[in-house]
Every structure is written in C-alpha cells, then in structure tokens.
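As structure tokens, the structure follows; a few thoughts come after it.
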Amino acid sequence: MTETGKQNANVVVEGLRSWNPNAIAEVIEFRGETTIVVPPDMLLSVAEHCRDNKSLQFNLLTDATCVDRFPLEPRFELNYHLVSIPRRDKLRLRVRLPGNDPVVDSLVPVWPGANWLEREIFDLFGVRFNDHPDLRRILMPEDWEGYPLRKDYPVEGYRDIPPSATRYTRNRP
Amino acid sequence: MSSTPASTTTIETPVGTAKTMVLNMGPQHPSTHGVLRILLELDGETVVKAMPDMGYLHTGIEKSCEDKTYSQAITLTDRIDYLNPLGNNLAYCMAVEKLLGIEVPKRAQYIRVLLVELQRISSHLVWLGTHAIDLGAMSVFLYCFREREEILKIFEFVAGQRMMTSYIRIGGLALDPPTGWLQRVEKFLKMMPSRIDEYEELLTGNRIWIGRTKDVGYISAEDAIALSMTGPTLRAAGVAYDNRKLFPYSSYEEFEFDVPTRTDSDCFARYMVRIAEMRESLKIVRQAMNKIPPEGPVRTNAPGIVPPEREKMKTEMEALIYHFKIFTEGFSPPPGEAFATVESPRGELGVFVASDGSPKPLRVHFRAPSFINLQALPKLIEGRLLADVIACIGTIDIVLGEVDR
C-alpha cells in the first residue's frame, strides 16, 4: 500500500470514529484495501455520512455483493464498494448478518443504484432489505425455490424438480 | 440530487379504464442485443413506464466459479462479456494476483494493455455497427465488422482463439506472443485512423443520424452517478471517471492519453465519446508497441502458482512436481478478499474474489457494467417516444451475457 493510500484510509477511519464511535465494529486492512465492518443497525446512517460528509464524499456505489460463510456464524457478509470520484479513494463497508433471519436496511435511499444490486443479493442469497421499493427476483424465474448462491445449494442444482418448476418441463417428453 | 429510485413497480393497468397499453418488447426483439425483455406502458407512442426484465441468459457463472480452481475459472470469465473476453480475463487475474500478492513482469503488463486496448476498439466497433443497424444505417455495420475481423485475426495469431482467448493468466500470460505479431498490429494501426474517419463521414454530420440521436435519452450527471453508471455513458454526462486514470492498473500511469468527455449526455454525445475513445485507444496501442521490450519473461516467477516452462519440466524435478500440483489441486491463496477494477468498454468491470484458504474460491462476484448501466434505462426512456427506446438501449451498450451472467 502506498503512503498516500494509508493516509487516506486513516482519514476515513478517524473521520468515521470521531463522528460516531459506535459506527465501526472492526477495521480490516488486506492487500491495500480498507474494509470497515459496520453494525447492521448503523449501516444506513454510516452510508449517508460517507456520501454527504465533505471529507469523505463517497458519491458512487460501484458494487454490492454477498459472501456466504456457511456453516460459520454470522453466516452472511454484505460488501458495499464505495468510490469517491473527487477524492480518488475507495472504501468497502461490510455488514455481517446471521443465517436464520438475514435482514438489513436498504441503501436505495442513499444510492438509488443499489436497487438492482440488492435485488440480485435477495435473488441469489435470500437476504432481505428493509424499505426496498421493489424487492423481487431479478435473474431467476419468479417462482424459483431456494437461493442458488448459498453454500448449501448444490452446484448442479437439485435433481428432483421442485413442483413449482414443472411448468418448464411439463410438455417435454 | 433526486433520491427517487429507478421505478420498477409492477405495471398494473385496470382493464378498460386507462388509455395506456402494455407492450412486450423482446425477449426476441433484434434491437435488444440478445434476450432482454422490456415491459413498456405506452400512451399512444409515448413511453409512460418501462420495466426491464432479464435473466434469460443466466447460467450461474458465479456459482460455477466456486466449484473450480482459481486457474480453471479463467475460462468462465471469457464467456461473461463475449465482446470483451481479454478485459474479463484481466480483471479476474488482477483480483487473484492481488489476493496472492504477486507482481506481473513489465513486459506482460504492456502486452496486456496493448491487447485490452485492441479489444476495446473491437468492442466499440461491434457497438457502432449494431447501433447503426438499429437506427437504419446498414452499411456502417459492414464496415465495422470488416475492421473488427482484423483485430480478431491478431487475437487468433497471438492466443490461438478469436474470441474466447483465455490468454491472460494468473501471474502473466499464457505464452509468449509469436514472432511477427507486432508487425500485424503495426499494419492495423496504419489502417485504422482513416477507417474511423470513414465512419464519422458516414454518421457524424448525417442529418438522419443526428435526428435520431441528438437530445435523445438525456440523463443528468447527478442522476448518472446516483444510479451507479460508469463508462462512456457517465463520461458523456461530463464526469471524467475512468479507472485507467483514477486508479491506474497494469502500468496505465505510464501511458499518455486523454479521457474524452461530453456534456450533452444524449445518445449523440455517447456516440462521440466512443468514437474519441477508439482514437485514444490507438494512441495507447502505439505507445505500448514502443514500450514492449523484445525479450523478457511474460510470467512472474512464483513457483506453485504459475506453471513452469515446458523445458524446465523436462530437466528439473521441482518443476514437474509444481506442474502436477497446479493442475491437479491448484494453489491456495491466503484467506481474505480482493476487489480489482478495470475500465471495460462498457464501464467499470470489477471482480470480487473471496478466499477461505482452500484451492477453490469461496466467492467470485463480477461487477457487471452492463447490468448496472441498464438500471438507468427507464430513466432515459420514460416520457420519450417508442422509437427512442431502441436508440437508448443501443447507446447504453449492453451485452446480455454480462447482464445475466
């Protein structure tokens, strides 16, 4: 990691810490990337602060994705990749969610671009987002059963076709 | 900044009450560039509401990657965005290299830059040709594919494949490029500038072209950033966001080039940005040609990760063991995550790789620029005419393989 990169990361972490000491659960530095682990109930306010604060200015949400750490708990890890175009900086926000009821606040009010990204996570991992304007499946068929990117979902799919999927196979020999 | 999201609630029109009708565009419509379905609510010819629906090409590439070793997954990345296979290889390999903490030799970096820039030109050529054919200009399509063929021939000569090259590997390149390949690139570089002039003569001043694209599909810079748009679509709105300049990778900081921007943010501006980008790419290819040293390694020296050379395997025991281990069980990066981004022809292509210390990735995620740019489509077309929908889909430049993955 370059010197300026390190300073940038420190500015961000210190800035967040002085704003609200509860906002940061953990800071992870790995291969020059800064990850800030945020408690799930703080996510929305931290995201808003990251976007609006003059010394942070993370105006672009480039990516949001999920990692399933099954069978470990907390099972799901949501990663939000932020970019500050004016400051030429990157940051990753991370939230850890339990496996039995993965729910977190939607970031659509902060970055409207989170809409489809969160729908994709909902579709493939079954993580739900509070106050999402349109939480539907996006890549899989609407009546698909299960969440394919979960670790307990087999790579080759299920051999037994779920009853709801028979309409795709009913007319085939 | 408007905080209303791209509206995508279900279209429900009570029968006989409204004067609007719902039209299904796609998934077999030729101008949707694949299998995109758009539900359009129309009032006469005006689009009231648009709702893109995709997933027809979803093949679960991210899930398949989890069942392959790190090297095997490279072949899957080719097939995501089939107009930019080398760019996908590069993004994926950069992410794994970051995870491993290995550096790539300068010679390999320059060759990567050269090939990726050629790929950008070929992708923009396909875009220009198909976009022009959507808007009724048949001849541009034929010219564009003529030049693209030359680029594909270079790829075939270098990598042995025209499209699914898998040429960029973890730690460098698959093999040394054959002798005489730079002469072919040179020939292409001599020919191409006048060809771009030809396209511009056909289109830039063309009254029909201007009529179909000027002031069509406007989006403000604030909305574009809020909707996470990247690439030429964002640059046409006046935001000079280009990963090659902002977060240089693969030695891009050593190259001199401009990031073309426009401020009109309509379909014509996006067309002008892409044309200018082709010229910039030619500049980068020229510089890379002069920078590539004639001799030197194209693979980093990382035993156990990069396969050893053929000759060494015949003389050294260790090389044979490493070769066997790499191709049977793979290698295990340390636990952690890495996110690498490159500027693909369509925008920011990011690859997120998470490792749990086993030889297979825990998670591979592709930040697909087509998928995220497509999200802004309703914003571009709502309130516009039905015919503009086609121009707007064209200038977002989507590849459905990448949208659905």
Degrees separating the helix A:114-125 axis from the principal Cα axis of chain A, which is the longest one
50 degrees
What residue among A:P39, A:N10, A:N100 has its Cα farthest toward the positive end of the dipole of the range A:3-169, where the charges are +1 on Lys, Arg and -1 on Asp, Glu, each on the Cβ?
A:N10
Over the protein assembly as shown, how many percent of alpha carbon pairs lie in each 20 Å bin up to the one with the longest distance?
20, 55, 24, 1, 0
Principal axis extents for the range B:147-294, Cα atoms only, whole Å, descending order, please.
48, 34, 28
Between B:T75 and B:M289, take the C-beta separation as r, use R0 = 30 Å, and let me know the FRET efficiency to the nearest 0.05.
0.60
Total formal charge among the other residues, if their Cβ is under 9 angstrom from that of A:I28, Lys/Arg +1 and Asp/Glu -1:
-2
Would you mind pulling out the separation of the Cα centroids of the range B:293-357 and the range A:72-111, in Å?
29 Å
Placing one equal point scatterer on each C-alpha of the range B:54-137 and summing with Debye, one gets log10 I(q)/I(0) at q = 0.15 Å⁻¹ equal to -0.70
Proximal charge balance of B:E254 [Cβ under 12 Å; K/R count +1, D/E count -1]:
+1
Computed about the Cα centre, the charge dipole of the range B:61-404 from +1 Lys/Arg and -1 Asp/Glu charges at the Cβ has a magnitude in debye, to the nearest 20, of 540 debye
Where does the protein assembly as shown land at 222 nm, in deg cm²/dmol rounded to the nearest 500, when only DSSP H runs of n ≥ 4 count, each adding -39500 (n - 2.57), divided by all residues?
-12500 deg cm²/dmol
Calc'd 3J(HN,Hα), the range A:15-20, phi into Karplus 6.51 cos²θ - 1.76 cosθ + 1.60 (θ = phi - 60°), Hz, glycine/Pro = x, comes to x, 5, 5, 6, 6, 7
How far is it, in nm, from the label point at A:S45 to the one at A:Y158 when both lie 7 Å from their Cα along the line to the Cβ?
4.1 nm
Just how far, in whole angstrom, is the range B:14-65 from the range B:99-178 if you go by their alpha carbon centroids?
31 Å
Can you give the net charge of the other residues whose Cβ lies under 11 Å from the Cβ of B:G304, counting K and R as +1 and D and E as -1?
-1
How high is the relative contact order of chain B, in percent, with contacts defined as C-alpha pairs under 8 Å that are six or more residues apart?
26 percent
Would you please give the residues with an amide H less than 5 Å from that of A:D63, counting only those at least 5 places away or on a separate chain, with H modeled from the backbone geometry?
A:H81
For the pair B:D264 and B:K19, the simple spin-label estimate (label points 7 Å beyond Cα toward Cβ) gives in nm 3.3 nm
Among B:F366, B:N301, B:G101, the residue whose Cα sits farthest towards the positive end of the charge dipole of the protein assembly as shown, when +1 is placed on the Cβ of each Lys and Arg and -1 on the Cβ of each Asp and Glu, is B:N301
Take the Cβ-Cβ distance between B:E382 and B:L320 as r, set R0 to 41 Å, and report the resulting FRET efficiency rounded to the nearest 0.05.
0.05
Inside 10 Å of the C-beta atoms of B:224-231, what's the mean count of C-beta atoms belonging to other chains?
6
Karplus-derived 3J(HN,Hα) from phi for the range B:217-229 (6.51 cos²θ - 1.76 cosθ + 1.60, θ = phi - 60°), whole Hz, x at Gly and Pro, runs x, 7, 9, 6, 4, 4, 5, 4, 5, 4, 8, 6, 6
Going by how many other Cβ atoms sit within 10 Å of their own, how do B:E256, A:E118 line up, fewest first?
B:E256, A:E118
Given a cut-off of under 8 Å on Cα pairs at least six residues apart, what relative contact order in percent is computed for the range A:3-169?
16 percent
Taking every pair of Cα atoms in chain B, average 1/r, invert it to obtain the Kirkwood radius, and report Rg/Rh to two decimals.
1.00
List the residues whose amide H sits under 5 Å from the amide H of B:R367, counting only those 5 or more places along or on another chain, with H placed 1.01 Å from N in the peptide plane.
B:G350, B:V351, B:F352
Rounded to the nearest 5, what % of DSSP beta bridges with both residues in the protein assembly as shown are antiparallel?
90 percent
Bounding extents of chain A in its principal axis frame from Cα atoms, largest first in Å, are 65, 31, 27
I'd like the distance between the alpha-carbon centres of the range B:212-245 and the range A:129-146, rounded to an integer number of Å.
28 Å
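Readers should treat all values here as calculations from the given coordinates under stated rules, not as data from a laboratory. No experiment lies behind these values; they were computed from the predicted model shown. Methodologically, a virtual Cβ is constructed for each residue, glycine included, from the backbone with ideal geometry; neighbour enumeration extends over all protein chains shown.
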